[in-house]
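Beneath this line is the structure, given in structure tokens, with notes to follow.
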Amino acid sequence: MTSLLEVSNLSKSYHVGGFPFKRRVINALEPISFEVPAHKTLAIVGETGSGKSTLAKLLVGAEKPTTGKVKLNGQTLNHGNFKQRCQHIRMIFQDSGTTLNPSLTISQLLDEPLLLNTDLDENQRALLIRETLQKVGLLADHMNFYPHMLSGGQKQRVSLARAIILKPQVIILDEALAALDPSLRSQMINLLLDLQQQMGLAFVLISHNLGIIRHFTDYMMVMSKGQVVEMGNTLDILKKPQHKYTKKLIMSQHFQLLNR
Amino acid sequence: MNLLDVRNLSIKLLTGEKAILAVDRVSLTMKEGEVRGLVGESGSGKSLLAQAIMGVLDDKWQVDADRFHWRGNDLMRLSPEERKSVIAKDVAMIFQEPMACLDPTTTIGEQLAEAVYSEEFTGFFWQKHQQRQLAAINLLHKVGIKNHQKCLKSYPHQLTDALCQRVMIAMALARKPLLLIADEPTAAMESTNQGQIFRLLASLNQLKNMSILLISHDLENVTHWTNTITVMYSGQFVEAGTTEQIFNCPYHPYTRALVDSSPKANMHIPVKSRLMTLPGSIPILQHLPIGCRLGPRCPKAQRACVKAPKVKNYHGHQVSCHYSLKDNY
């Protein structure tokens, strides 16, 4: 099986300091390579400043990579060609409350990616929005709501609807499950798993919660200081962690379970 | 003797036409040296309850209780000033987002010196400054910050989240409280830092016999650190008991759902299978269901649930449900 998303040698470095003699290079992300097949989920774990958000930004095209390539279905994605990339790779952010434009209704919010990326007419767009809202478990009535009228879980569903409305192949979840309440979180996990089965999506999940990672993901990548310290099958890594940082992370969460 | 004994506490929000019952007859007892978890999803009134205990709610809120005792003193009979002096002496509170709670324009040292309890100092006024500084440094040592020089000189934004939370705890410890209320102390923190903060709280509990009321929205995060747990839903009391009782054999359908929905507690279920979950989400304050507020979402709801159930007590395991799961175990 060929992999859906293929990343080779991707890296990012920033220049800081204004004066030439003070100028330094900070490697936010050392060169990394990995693959994600369709129907599978990759988890990225790491502490703050380990480069996981940088990686997410590079994948979605918000930052220009210093070196390396992102390939989707064997096709290279160029930086700047958003028409090509936006259709296939979408992102959901941590705080759904602040990522939705408060001055637009839900239907306007969902209309925007369609207007920019497709040439459907108005009726087709309305129909698609209706369908997508149903798919994420909202009603067609919600089309005329503004974001502040919805609860936290519903807002997160709207962001998910915005992500899947273009029928993408990869969705990047940047801590998208962290801020939700436990019962909403399991609803959201169920929804994401259903969508993965139906649409063959690949997810890249950035998270801290090892319980969710164990349940939800197939592969796992542990990052520390811009480097990948461990990569492989989720269950293998959780059972037999090799690196010091992974062990520490598992100790800090799992150890509570073993005692129980 | 119970440290804190609250029976049937209700908090009303006084709005234009009719008062909204935000917290509906919740009971809470704290013993000395106990760590109690207060668990509930966002909007379940757990922070309100903590604020009511501290007595910091403003005029919009009306607090009633059948019993509100602090170490045998009835707080409802005291005037607000007396009440404040009693509470301020023995109870301290720390908040979530420590960086937002510290003053960004003054150094940690000045803020700590302000919090230091100065009535214990002896000597002349020119000696007090020195004593104050020493006390601040001691407080920092107590919460495990060794490099006090650097910490005292820095501003909140120069420290990490976990360090800021330690400083907050240090301030709370200044008057040697008997009860520390921790309102989601580790929200939005990394798991390794979370562990540090929880370990610090646990050691304070053991060494100084300080009771801790640990408020959290996530059941699975607190179970390791608590002796007893109280669960709330939408301002109503759900269940209370020891951690083992709540986690291993919950009697209330809501607690059952909370435990079932946590992927961490269910390591045996196959990967990528569907998790158990309740339909819908927590109701908003304007549209609260009558009777048991879990009613519309509850899998066991029947006709009797339109009346709020009475709290039943089974050997210290209190549950408020008409159809408790007690017989299932």
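Just so you know, all these numbers are worked out from the coordinates, no wet-lab data involved. Predicted, not measured: the structure shown is a model, and the values here were computed from it. Positions of Cβ are generated from backbone atoms using ideal geometry, with glycine treated the same way; all protein chains shown enter the neighbour counts.
Assuming R0 = 56 Å, what is the FRET efficiency of B:Glu97 and A:Gln124, from their Cβ-Cβ distance, to the nearest 0.05? Spell out each step's value before the answer.
Working: r = 45 Å, r/R0 = 0.80.
So the FRET efficiency works out to roughly 0.80.
Near B:Lys264, no amide H atom lies under 5 Å from its own; only residues 5 or more places off or on other chains count, and H is placed 1.01 Å from N. Measuring r between the beta carbons of B:Asn227 and B:Arg303 and using R0 = 35 Å, the FRET efficiency lands at 0.40.
Across region B:202-329, C-alpha contacts under 8 Å between residues 6 or more apart give a mean separation that, scaled by the residue count, equals a relative contact order of 23 percent. Across region B:32-71, the residues whose backbone nitrogen lies under 16 Å from the label position 7 Å along the beta-carbon direction of B:Leu14 are B:56-65. Look at the dipole of the protein assembly as shown built from charges on Cβ: of B:Thr277, A:Ala56, A:Pro182, the Cα furthest out on the positive end belongs to A:Ala56. Charge tally around A:Val70: other residues with Cβ under 15 Å, Lys/Arg +1 each, Asp/Glu -1 each, net +4. Sequence neighbours fewer than 8 away in the same chain don't count; with that in mind, list the aspartates and glutamates whose C-alpha is under 17 Å from A:Lys240. Candidates past the 8-residue exclusion: A:Asp218, A:Glu230. Extending 7 Å from the Cα toward the beta-carbon at both B:Lys150 and A:Gln197 defines two label points whose distance is 5.2 nm. What number comes out for the charge environment of A:Ile212, summing +1 per Lys or Arg and -1 per Asp or Glu over other residues with Cβ under 10 Å away? Charge balance near A:Ile212 sits at +3.
Summarising the strand pairing of region A:119-260, around 55 percent of its internal DSSP beta bridges are antiparallel. Overall, region B:48-202 carries a charge dipole of about 700 debye about its Cα centre when +1 sits on the Cβ of Lys and Arg and -1 on the Cβ of Asp and Glu, all other atoms neutral.
Equivalent ellipsoid semi-axes for region A:163-241, as square roots of 5 times the alpha carbon gyration tensor eigenvalues: give them largest first, rounded to whole Å. If you can, show how the numbers build up before the last one.
Numbers: eigenvalues 99, 46, 32 Å².
Semi-axis lengths for region A:163-241 are 22, 15, 13 Å.
Working from label points 7 Å from Cα in the Cα-to-Cβ sense, the B:Asn73 to A:Phe19 distance is 6.1 nm.
I need the shape label for region B:40-170. Rule: rounded when a/c is under 1.5, else prolate if a/b > b/c, else oblate, with a, b, c from the alpha carbon gyration tensor. The shape class here is oblate. Of the trypsin sites (Lys or Arg not before Pro) found in region B:285-329, the ones in coil according to DSSP and having at most 16 other Cβ atoms within 10 Å of their Cβ are B:Lys300, B:Lys307, B:Lys310.
Sort A:74-80, B:62-68, B:254-260 by packing, meaning the average of other beta carbons within 10 Å per residue, with the highest value first. Each step should come with its number before you reach the end.
Numbers: A:74-80: 12.3, B:62-68: 16.3, B:254-260: 23.1.
Highest mean packing first, the order is B:254-260, B:62-68, A:74-80.
The slack in the chain from A:Asp95 to A:Lys64, taken as 0.36 nm per residue of separation less the alpha-carbon distance, amounts to 8.8 nm. Percent of Cα pairs in the protein assembly as shown per distance bin of 10 Å, from zero to the largest separation: 3, 15, 23, 25, 19, 11, 3, 0, 0. About its Cα centre, the dipole of region B:216-279 is roughly 240 debye, where the only charges are +1 on Lys and Arg Cβ and -1 on Asp and Glu Cβ.
Between the DSSP loop rule and a limit of at most 10 other Cβ atoms within 10 Å, which chymotrypsin sites (Phe, Trp or Tyr not before Pro) in region B:95-188 are left?
On the way: sites: B:Phe95, B:Tyr117, B:Phe121, B:Phe124, B:Phe125, B:Trp126; in loops: B:Phe95, B:Tyr117, B:Phe121, B:Phe124.
Within region B:95-188, the qualifying chymotrypsin sites (Phe, Trp or Tyr not before Pro) (loop, at most 10 other Cβ atoms within 10 Å) are B:Phe124.
Computed from the Cβ-Cβ distance with R0 of 41 Å, the FRET efficiency linking B:Ile269 to A:Thr76 stands at 0.55. Where both bridge residues fall in chain A, DSSP classifies roughly 55% of the beta bridges as antiparallel. Normalise the Cα radius of gyration of chain A by 2.2 N^0.38 Å (N = residues in it) and let me know the number. Taking N as the residue count of chain A, the ratio is 1.06.
Taking N as the number of residues in chain B, what is its alpha-carbon radius of gyration divided by 2.2 N^0.38 Å?
Working: Rg = 21.3 Å, N = 329, 2.2 N^0.38 = 19.9 Å.
That works out to 1.07 for chain B.
Antiparallel DSSP bridges in the protein assembly as shown: what percent, to the nearest 5? Restricted to the protein assembly as shown, the bridges split so that about 60 percent are antiparallel.
Which entries in B:Lys46/B:Lys300; A:Lys52/A:Lys239; A:Lys71/A:Lys248; A:Lys40/A:Lys71 show an alpha-carbon gap greater than 27 Å? From B:Lys46/B:Lys300; A:Lys52/A:Lys239; A:Lys71/A:Lys248; A:Lys40/A:Lys71, over 27 Å: A:Lys71/A:Lys248. For a straight C-alpha distance cut-off of 24 angstrom, the lysines reachable from B:Lys208 (same-chain residues fewer than eight places away being disregarded) are B:Lys31, B:Lys84, B:Lys89, B:Lys142, B:Lys146, B:Lys176. Of the residues B:Lys46, B:Lys153, B:Lys31, the one that moves most in a GNM of chain B with alpha-carbon contacts below 10 Å is B:Lys153.
Under a Cβ-only charge scheme (Lys and Arg +1, Asp and Glu -1), can you give me the dipole magnitude of region B:175-314 about the Cα centre, in debye to the nearest 20? Please report the intermediate quantities before stating the final value.
Details: 15 positive and 8 negative charges, 95 e Å.
Dipole about the Cα centre, nearest 20: 460 debye.
Taking amide H as placed 1.01 Å from N in the peptide plane, A:Ser13 has its amide H under 5 Å from the amide H of A:Ala28, A:Thr66, each at least 5 places away in sequence or on another chain.
Annotation for B:His141 and B:Leu325: the two label points, set 7 Å from Cα along the Cα-Cβ direction, are 5.0 nm apart. Computed over neighbours whose Cβ is under 12 Å from that of B:Leu152, the net charge equals +2, Lys and Arg +1, Asp and Glu -1.
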